[in-house]
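Read the figures in this text as sums done on the coordinates, not as results from a lab. Just so you know, these numbers come straight off a predicted model, no measurement behind them. With ideal geometry, Cβ positions are generated from the backbone for all residues, glycine too; neighbour counts draw on all protein chains shown.
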Amino acid sequence: MVYDVIIVGGGPAGVTAGVYAARKKMKCLLLAGTIGGSSSISATIENWIGEPSITGVGFGQRLEAHLRAQEGIDIRTDEAVTGIGRNDGTTFLVTTEKGETFETKSVIVASGVRHRHLGVPGEDLFQGKGVAYCSTCDAPFFRNKTVTVVGGGNCALEAVEDLLPYATKVTILTIDPEFTGDPVLRERVLGSEKVSAIRNAKSEEIVGERKVTALRYEDLSTGERREIPCDGVFVEIGMMPNFELARDLVERTRGGEIVVNPRTFETSCPGIFAAGDVTDQPYRQNNISAGQGAVASLSAYDFVRGAGAGDPTTVVSGD
Ligand SMILES: Cc1cc2nc3c(=O)[nH]c(=O)nc-3n(C[C@H](O)[C@H](O)[C@H](O)COP(=O)(O)OP(=O)(O)OC[C@H]3O[C@@H](n4cnc5c(N)ncnc54)[C@H](O)[C@@H]3O)c2cc1C
């Protein structure tokens with residue numbers, strides 16, 4: 001069996017692409033770790049259009065219900081894709097960690113992003129024992145504790161804001177000479193009496209015994225080695241795309257994001273499309289990812305029927 005389209009990912013981009021593919025009666029397979037996407041770990045989502053407030057879990061369930069209501073779409077969860085390669089020039093082969101291979105005429109990559117790691121000793125060892133990556137999820141575990149946040153941009157500053165109602169003291173540390181987040185956020189966070197800010201600091205090791213006890217860093221302005229005693233370290237140094245699948249087939253940015261045509265969401269490889277956070281497009285949000293998934297799916301439909309992605313005659317309203 002040759003699929004018309006294989007969708008990699010079950011977040012808002014992948015699920016929307018799946019719904020649109022099913023409505024175009026494409027032979028479609030959706031492969032994902034889980035359905036729901038990154039924000040399903042959130043306590044509440046308040047900007048998903050049509051739902052003034054919904055829990056992250058509820059959001060994931062609504063996406064899954066909508067996807068499963070479609071006819072003719074194969075859905076496999078808990079099935080990570082490990083490779084996408086060309087077959088014979090007209091189709092692609094998609095392989096999974098379970099050792100299965102599927103053939104398809106087009107692919108939509110909607111595999112999202114993951115947190116960038118520091119890569120210092122102790123980081124892996126103390127994950128879940130003081131080292132954390134999601135302040136929205138984990139801040140409440142640091143009630144009455146001292147925490148160090150590593151990072152200098154908006155994510156790091158927002159993490160400090162999330163921690164302030166719980167932690168007794170928060171240190172924010174950046175490798176750069178200055179914090180780069182939005183000025184208003186910067187002022188609010190760095191102005192708090194509970195917050196200490198350290199600049200020009202290169203994190204070197206997370207130390208502890210059974211749990212984190214300190215972060216060691218090099219002061220780049222003096223070359224001295226210092227230590228911040230703390231119960232937790234939040235690593236907030238950005239996100240990286242979940243895309244090691246077809247490195248040689250598609251053009252990517254230096255940060256690893258897939259470069260797409262913003263009109264059609266085609267990649268540099270004809271037949272491979274991408275949508276959502278994994279792409280080089282700005283504003284990583286649920287509604288935006290969903291919209292991109294819809295465009296990528298319609299473009300894949302045009303591609304498969306030989307019309308060329310973004311064909312102006314493609315009908316979407318009322319179909
Ligand atoms: C804690 C948190 C809270 C957020 N809150 C909000 C909010 O309130 N409002 C908002 O608009 N946005 C929010 N966001 C951002 C939003 O979650 C993302 O913009 C959105 O989820 C991106 O959708 P996506 O479909 O591109 O990727 P994701 O939602 O990240 O989905 C990626 C999918 O790909 C799958 N996948 C990954 N690798 C593979 C692989 N190799 N093989 C198969 N499947 C794979 C995953 O299992 C998952 O199904 C939040 C993000 C986080 C982390």
## Note on the structure
Close lysine pairs (the chain; alpha-carbon distance under 17 Å; 8 or more apart or on separate chains) counted at 9
### Query
Which whole-number percent gives the relative contact order of segment 190-272, counting Cα pairs below 8 Å spaced six or more residues apart?
15 percent
### Query
Going by alpha carbons, how many degrees (0 to 90, nearest 10) lie between the helix axis of 12-23 and the longest principal axis of the chain?
10 degrees
#### Entry: Selection of GluC sites (Glu not before Pro), segment 140-234, meeting DSSP coil and at most 11 other Cβ within 10 Å
178, 193, 209, 224
### Query
With axes computed from alpha carbons, what is the tilt in degrees of helix 56-68 against the longest principal axis of the chain, rounded to the nearest 10 within 0 to 90?
10 degrees
### Message
For residue 82, project a label point 7 Å along Cα to C-beta. Then give me every residue of segment 19-42 with its amide nitrogen under 17 Å of that point.
### Response
31-33
### Task
State the answer as a single residue: which of 41, 260, 152 lies farthest towards the positive end of the charge dipole of the chain, with beta carbon charges of +1 for Lys and Arg and -1 for Asp and Glu, about the Cα centre.
41
### Query
DSSP beta bridges in the chain, what fraction antiparallel, as a percent rounded to 5?
45 percent
### Task
For the chain, find the longest principal axis of its Cα atoms and tell me its angle to the long axis of helix 154-163, 0 to 90°, nearest 10.
60 degrees
### Message
Quick check for me: using +1 on Lys/Arg Cβ and -1 on Asp/Glu Cβ, what's the dipole size of segment 88-134 about its Cα centre, in debye to the nearest 20?
### Response
240 debye
#### Entry: Cys residues of the chain counted as unpaired, since no other Cys beta-carbon is under 4.7 Å
28, 155, 230, 269
#### Entry: Student exercise, segment 131-235 dipole from Lys, Arg, Asp, Glu Cβ charges, in Debye to nearest 20
320 debye
### Message
Per residue of segment 136-151, what does 6.51 cos²θ - 1.76 cosθ + 1.60 with θ = phi - 60° give for ³J(HN,Hα)? Whole Hz please, x for Gly and Pro, Karplus curve as stated.
### Response
4, 7, 10, 3, x, 6, 10, 4, 6, 10, 9, 9, 10, 10, 9, x
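List the trypsin sites (Lys or Arg not before Pro) within segment 251-307 that DSSP assigns to loop and that have no more than 14 neighbouring Cβ atoms inside 10 Å.
On the way: sites: 252, 254, 263, 284, 305; in loops: 254, 263, 284, 305.
Qualifying residues, ordered by number: 254, 263, 305.
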### Message
Explain nothing, just the number: dipole magnitude of the chain about its Cα centre with +1 on each Lys and Arg Cβ and -1 on each Asp and Glu Cβ, in debye rounded to the nearest 20.
### Response
300 debye
### Message
Give me, ordered by chain and number, the residues 5 or more places off residue 79 or on other chains with an amide H under 5 Å from its own placed amide H.
### Response
32, 33
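Assuming R0 = 30 Å, what is the FRET efficiency of residue 114 and residue 224, from their Cβ-Cβ distance, to the nearest 0.05? Don't skip to the end; give the middle numbers.
On the way: r = 33 Å, r/R0 = 1.10.
So the FRET efficiency works out to roughly 0.35.
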### Summary
Diffing segment 275-288: the Karplus 3J(HN,Hα) column from phi (6.51, -1.76, 1.60, θ = phi - 60°), in whole Hz with x for Gly and Pro, holds 8, x, 4, 6, 8, 8, 7, x, 6, 7, 9, 4, 4, 5
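Taking 8 Å as the Cα distance limit and 6 or more residues as the minimum spacing, I'd like the relative contact order of the chain as a percentage.
Numbers: 754 pairs, mean separation 62.3, N = 319.
So the answer I get is 20 percent.
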### Task
Among the trypsin sites (Lys or Arg not before Pro) in segment 92-164, which ones are in a DSSP loop with at most 11 other Cβ atoms within 10 Å of the Cβ? Mind listing them?
98, 143
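Note down the relative contact order for segment 131-235 as a percent, whole number, built from C-alpha pairs under 8 angstrom at least six residues apart. Before the final figure, lay out each step's value.
Working: 233 pairs, mean separation 31.9, N = 105.
Relative contact order for segment 131-235 comes out at 30 percent.
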### Task
Mind checking which of 12, 165, 73 is farthest towards the positive end of the chain's charge dipole, using Cβ charges of +1 (Lys, Arg) and -1 (Asp, Glu) about the Cα centre?
73
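Test of understanding: what is the full-extension gain from residue 211 to residue 248, defined as 0.36 nm times their sequence separation minus their Cα-Cα distance?
Working: separation 37, 0.36 × 37 = 13.32 nm, distance 4.07 nm.
Gain on stretching residue 211 to residue 248: 9.2 nm.
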### Message
Using each residue's phi in segment 225-236, evaluate 6.51 cos²θ - 1.76 cosθ + 1.60 at θ = phi - 60° and report the 3J(HN,Hα) Karplus result to the nearest Hz, with x for Gly and Pro.
### Response
9, 9, 9, 10, x, 6, 8, x, 10, 9, 9, 10
